[in-house]
1. Are any residues in region 1-16 surrounded by 10 or more Cβ atoms within 10 Å (Cβ to Cβ) and touching a residue at least 40 places away in the same chain (Cβ under 8 Å), and if so, which ones?
2. Going by what's in this entry, would Arg42 be described as in a loop (DSSP other than H, G, I, E, B) and modelled with pLDDT under 95?
3. Exactly one condition in (1) open to solvent by 30 Å² or more (accessible area, probe 1.4 Å); (2) in a loop (DSSP other than H, G, I, E, B); (3) touching a strand residue (DSSP E or B) at 6+ places or on another chain (Cβ under 6 Å) is not met by Ile154; state its number.
4. Which ones in region 53-107 are part of a strand (DSSP E or B), open to solvent by less than 60 Å² (accessible area, probe 1.4 Å) and among the β-branched types (Val, Ile, Thr)?
5. Of the numbered conditions (1) free of Cβ contacts under 8 Å to residues at least 60 places away in the same chain; (2) small (Gly, Ala, Ser); (3) over 22 Å from Asn13 (Cβ atoms), Gly62 fails exactly one; give the number of that condition.
6. I need a count of the residues in region 122-143 that are touching a residue at least 40 places away in the same chain (Cβ under 8 Å), surrounded by fewer than 20 Cβ atoms within 10 Å (Cβ to Cβ) and in a loop (DSSP other than H, G, I, E, B).
7. Go through region 17-31 and report how many residues are open to solvent by 50 Å² or more (accessible area, probe 1.4 Å) and in a strand (DSSP E or B).
8. For region 160-170, enumerate the residues that are in contact with a strand residue (DSSP E or B) (Cβ under 6 Å, 6 or more places away or on another chain) and assigned to a strand (DSSP E or B).
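The values are calculated or read from the model by the stated rules, or taken from the named source; none is laboratory data. Keep in mind the model is a prediction, meaning the values are calculated, not measured. All Cβ positions, glycine included, derive from the backbone under ideal geometry; neighbour counts span all protein chains shown. Heads up: the accessible areas ignore ligands, DNA and RNA and are worked out on the full protein's heavy atoms, side chains in. Shrake-Rupley method; radii C 1.70, N 1.55, O 1.52, S 1.80 Å.
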Amino acid sequence: MTKDFKRFTQKENPLPTANRNCVIFPRKINGQYAIYHRPSDRGHTPFGDIFYATSPDLTYWGHHRFVMGPCGGWQATKIGPGPAPIETPEGWLLIYHGVWTSCNGYLYYTGGALLDLEKPWKVLYRTQDYLLAPTEPYERVGDVPNVVFASSAIVEGDRLRLYYGCADTCISIAEANVTDIVDFVKTHSF
């Protein structure tokens, strides 16, 4: 925790250590802090579901609710949240990763979902088609090949700048309009 980015205070883990991904909402939901997270075990698990949880104080988390899990295709093996949810008039835009297992190992893709603004565990739309796939050489070759792993995003006006890991070796940026992504999520949904 920091107020000036010069002095830091180490906080305890907010969730059990067997949790692979956790992203906090940019504002309170119904008076509570809120997160999406992916419970796991200590290894590189072949499973993964996204859950929603709340906290009165950013220390004690509870009221865990299932949000969504793997569902086939590029997100058949596991899924997990990426950057912090982005508030839009259509709902919370969640950029998430999906994994499928091929004969050559795991392949990581990036998809999107829209969730209810006041009930963020309620999925309104979820992409059947991915937003981003490992197609470039720097996304396909590296320490862990075939990975695009969205980790953070900046929104300025309608412009989204998505920062994502590539083959666990480098970082890249993808840009798009938020309204275009929301439209894609709605029109390419299950």
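1. Within region 1-16, Pro14, Leu15 meet the criteria.
2. Yes.
3. All conditions are met except number (2).
4. First pass over region 53-107, keeping only residues part of a strand (DSSP E or B): 53-55, 62-68, 72, 75, 78-81, 86-88, 91-102, 105-107.
Still in the running and open to solvent by less than 60 Å² (accessible area, probe 1.4 Å): 53-55, 62, 67-68, 72, 75, 78-81, 86, 88, 91-99, 102, 105, 107.
Answer for region 53-107, where residues must be part of a strand (DSSP E or B), open to solvent by less than 60 Å² (accessible area, probe 1.4 Å) and among the β-branched types (Val, Ile, Thr): Thr54, Val67, Ile79, Ile86, Thr88, Ile95, Val99.
5. Gly62 satisfies every listed condition except (3).
6. 4
7. Of the residues in that region, 3 qualify.
8. Leu160, Arg161, Leu162, Tyr163, Tyr164, Gly165, Cys166
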